[in-house]
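Before any comments, here is the structure.
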Amino acid sequence: MIYRLPAFIGLFLVLLAFTPHLMFTGPSHIDAQIRPLAINDKGEILCRTYYSENRMGAHAPMKEEYGFCVISQKGIRKYSDITLNPKDFPDESDYYDKFKVLQQVFKSYKEGQPLENLGNVGDGLVKKYGFTMRNVERYKVDKEKPFAELNKRVNLIKIKQKALKGAQSTRYFKDGKLHIEYDFGKVLLLNNECYYHELEERKAGVGANFNYYNPWTNPEGKKVNIGFDLINVTGVLFLL
């Protein structure tokens with residue numbers, strides 16, 4: 001006697017074989033954030049950085065990278081500080097406890113407070129570049145503006161936003177909105193966010209997508225970049 005699987009189960013198994021990255025996971029996502037702390041007399045900007053990626057949308061702790069960067073007209077110079085690796089925590093709850101502490105430190109900011117106790121990396125940058133205190137509040141914008149308004153200041157198609165790990169902006173999302181977080185005159189910091197939208201061709205969101213690499217081997221055996229479903233990326237736009 002030959003037992004035949006119901007048609008829908010057979011189809012399910014075929015899909016499972018060819019699309020393992022889509023099964024039993026959530027959306028893939030990436031965080032590449034930059035938070036300014038101080039600006040010096042030369043216009044150089046000291047920032048905290050946070051980077052994490054979940055390529056498969058796994059429901060599990062991911063590696064988190066915390067550090068600093070200095071932004072100038074020469075670009076973004078990144079300095080690594082603390083890496084939070086799930087492999088170093090036998091108890092998952094200990095990982096999340098540490099994660100909460102590091103996130104609080106990353107987000108903390110009090111205008112006018114001295115730059116001290118930033119750790120060996122941060123304290124070294126304060127001394128090297130001559131930063132004095134937290135003084136970026138007057139540059140904060142935190143507003144959404146139409147694409148056309150900013151495009152008058154700079155050609156957004158030609159001049160790409162820069163981000164952590166050498167990434168740059170690609171296509172802007174269809175709604176045409178840009179979220180400007182900080183305006184330092186010759187340097188803008190933009191918050192780019194997107195989410196997977198079933199009714200859209202690919203993604204919808206505020207700002208632009210970025211060329212972060214998320215590889216997947218398709219059924220033809222070719223490795224392609226499928227990108228990320230969710231992004232939260234700080235883009236640095238240099239105005240000429």
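The values are calculated or read from the model by the stated rules, or taken from the named source; none is laboratory data. Being a predicted model, the structure only gives us computed values, none of them experimental. Every residue, glycine among them, receives a Cβ derived from its backbone with ideal geometry; neighbour counts consider all protein chains shown. Accessible surface is based on the protein model in full, side chains and every heavy atom, while ligands, DNA and RNA are left aside. Shrake-Rupley method; radii C 1.70, N 1.55, O 1.52, S 1.80 Å.
Quick one: helix 7-18 against the long Cα principal axis of the chain, what's the angle to the nearest 10°, folded into 0 to 90? The helix 7-18 is inclined about 40 degrees to the chain. One way to sum up the overall shape of segment 26-73 is the equivalent ellipsoid from its Cα gyration tensor, whose semi-axes run 30, 9, 6 Å, largest first. Averaged per residue, the chain has 60 square angstrom of accessible surface, using a 1.4 angstrom probe with ligands and nucleic acids left out.
Under 1.5 on a/c is rounded, so check that first for the chain, then, if it is not, pick prolate when a/b is larger than b/c and oblate when it is not; a ≥ b ≥ c are the square roots of the alpha carbon gyration tensor eigenvalues. Verdict is oblate for the chain.
Exposed loop sites are taken as trypsin sites (Lys or Arg not before Pro) in a DSSP loop (any state but H, G, I, E or B) with at most 16 other beta carbon atoms within 10 Å; the longest stretch of the chain without one runs 111-151.
Couplings 3J(HN,Hα) for segment 36-44, derived from phi with the Karplus relation 6.51 cos²θ - 1.76 cosθ + 1.60 (θ = phi - 60°), are x, 10, 7, 10, 9, 5, 8, x, 7 Hz, where x marks Gly and Pro. For the chain, which whole percent of the accessible surface, found with a 1.4 angstrom probe, sits on carbon and sulfur atoms? So the carbon and sulfur contribution to the accessible surface is 53 percent. A simple spin-label model places pseudo-atoms 7 Å from Cα toward Cβ; at D142 and K107 they are separated by 1.2 nm. Result for the chain in a Gaussian network model with C-alpha springs under 10 Å: among L164, L84, L230, the largest mean-square fluctuation is at L84. Taking GluC sites (Glu not before Pro) in DSSP loop states with no more than 16 other Cβ atoms inside 10 Å as exposed sites, the chain has its longest site-free stretch at 1-110. Accessible area ranking (1.4 Å probe, heavy atoms, ligands and nucleic acids excluded), largest first, for H179, H59: H59, H179.
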